[in-house]
Structures are given as C-alpha cells and as structure tokens.
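Accompanying notes for the structure given below.
Since every read-out is calculated from the coordinates, none of them should be taken as a lab result. None of these values were measured; they are calculated from a predicted model. Methodologically, a virtual Cβ is constructed for each residue, glycine included, from the backbone with ideal geometry; neighbour enumeration extends over all protein chains shown.
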C-alpha cells in the first residue's frame, strides 16, 4: 500500500447536523445525552409507546444479533442477548418527565443496545476527565491520531489486533513520543468493507476486516516549539508506527491538531468554554462504537431483509476476535484523573449501563416533583402512529 503524505491539519467539530459516520451523529448524540441527563424520555402520551427511535432501532438489531447467534449454535449467547432491554423501568413525575432507572443489559461485545449505552457513557466520562485536565494542565494541547494497518482476512483478525496492541505499547515508549505525551485515550474500532469483485454482476464479498485505533493525545505545549526537538511530523508518526508494529509496508497514519476552525478567531482558543466545544468532535470520534452493527448485521438494501451468510460470518469472526479483550485504554494524566474521579470501568462485566444511583426521595431533576415507576416491555402490539401492529416498547398497565 503506497503512502500518501498528509500534513498535520486541524480537527474541528463537525458542522451541525453533519458527521462522517452515519451511525454516529455528532449533533444527535449530544442532544440525546443532554435530553436523558435532564431526566426526559420521549413518550407517546396516547399509546404509552417509547418514541425514542434509538431504543426501538437498537432493540430491533439486538434481536437480529440474537437470531444470528442461534443460527451459529451459540444458544446461551442468543438467549442472553435477546433478553437485553426487554423491560425498561423509568422514573416519571406528574409532568411526564422520565428517566431510565432499571434495565437488564447483556453486555455482549456486539450488542447494539449495550454498545450504544457504553458509547454514550464514555462520552460523558471523557467530558469529565477533560474538564479536570483543563484545570490541572491549562497549557496542554490536544491531538487526534488515527493508526491503521492493511485490511486483514477473516482468519487473521485476532492476530492483527494482537500485534497492533503490542505496537501501540512500543510506540508510547519511543523517546520523541514519551517526552511530549502527557496522556491519552485509545479506542479500537473494526470496520468491514464490502469488496466488489465484479462491477457488471454486482458480485461482492465481505471477508476483509479493518482494525484501527482512534487516539486522543494530550501533549505538552512545547510540542509545537523547537520543532526539530519536539514536533513529530506525519512522516515520523507513520515511520514509528511501522517500526512499532514491525510492518513491511508504510501504513496510513493521520495526525490532526485539535484547534478552532479557520474562520474562528484564535482568541477563542484561549477561552475555556470554546476549548471544550472544539474538543467535542475529537471526543465523539474517539468514543464511538468499537464495531458498528451495520458491519455485521447485513441487510439487503432498505428491505430490512437479512443476508444470513454475511451476517453470520461477521458475527462469528468478530465475537471470537473481541472476546476477553480491552477495547479502550487510558494512559498518563487521563488515567490518573479517571482513577481520581472513581469513574467505572465500562468494559467490566459489572459495569452499570443505567447510571442511576438514587438516595432517599426520588425527585425529578427538571421540576423537582416526586417520581414513580413506569415499566415498558418490548412486544408485538398496535402502533397507532403507523396504524398497524409491530414490535415496539409499550407501557405495562398496572
């Protein structure tokens, strides 16, 4: 693979309503996160159905994953995944404000519901960590680093991830990296490209996988001073990554400085609130799903009909490759702050993906009225909005 030289460029938060990844919308996730933190869940008042599309769509794809596990003979996994999010318990007040209180989450690495919850919570954790880092290291600068290797076939996914993990450890020990690096957050992502073998017939395959790292780096302010001594060019980054992974080819590496968009005044970067805003894009890109469900649940066009062969191949390969692995990693000041804040390990089997810890009277975070429980169940029922029966979340009558 030939190397196309890239220069260090700015990383700006995507414009409102735009995102490079259709399954991870920058604007919507911030709105959803704020919406839920404010104690609100969208409910159809007439039917009692949950109108939040994320819940419904994630549960639909969760069922498709369960069916794939069943076809693969992994019956225990299939049952465990199918039970995920079957019942949702919300705290609600007389004004209709709602907040998730209880739910069963399977914590399967490929589960669309659990991946979604983990990603949202990781965004929240990174915000908390960076807020502290702004106070402790106000002059620290931020870089967004993407480290890639060549696509691997389905038989080499685990092996490829292994040497990438070891390569990342070696990379951090290199003198020029070590003398500049103050902290990092690293996330592994795996995508599955469609390889078209014949354009005339549309014959294609999905037997290649593309593991890569997204890394948010915190570096000393001297990184951009005395360029020969401290600054690391894009060429140096890919040369070090090549050496660290012991590759016989030049890998693609992208390094970007997190800073304001060109049209913004430089003075804004010195303002703490503007600094936080500009980091949002890097946070969301780093904290997104390790594997998007669209890379293993393969639907035929917009028909919602499943390609069982491609789906089962992807589910089997990825579930085995990701078993007992740590997809996320913190280092340096970011790890120290996470420990100081006592933030939970989201990859632990005991991770709390609900995020509620009620003490004493339960009061609505919006209107401060007392709250009571409402339970919603996933089942086949009549949806008045589309005037037909479908699988959806419906409120259980007491």
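Using the beta-carbon distance between residue 247 and residue 155 and R0 = 22 Å, what value does 1/(1 + (r/R0)^6) give for FRET efficiency, to the nearest 0.05?
Efficiency computed from Cβ-Cβ geometry: 0.75.
Taking 35 Å as R0, compute the FRET efficiency from the Cβ-Cβ separation of residue 225 and residue 128 and round it to 0.05.
Approximately 0.75, to the nearest 0.05.
On the Cα set of the stretch 56-106, report Rg and Dmax in Å, please.
Over the stretch 56-106's Cα set, Rg and Dmax evaluate to 14.1, 47 Å.
What percentage of all Cα-Cα pairs in the stretch 85-192 are separated by more than 18 Å?
More than 18 Å apart: 69 percent of the Cα pairs in the stretch 85-192.
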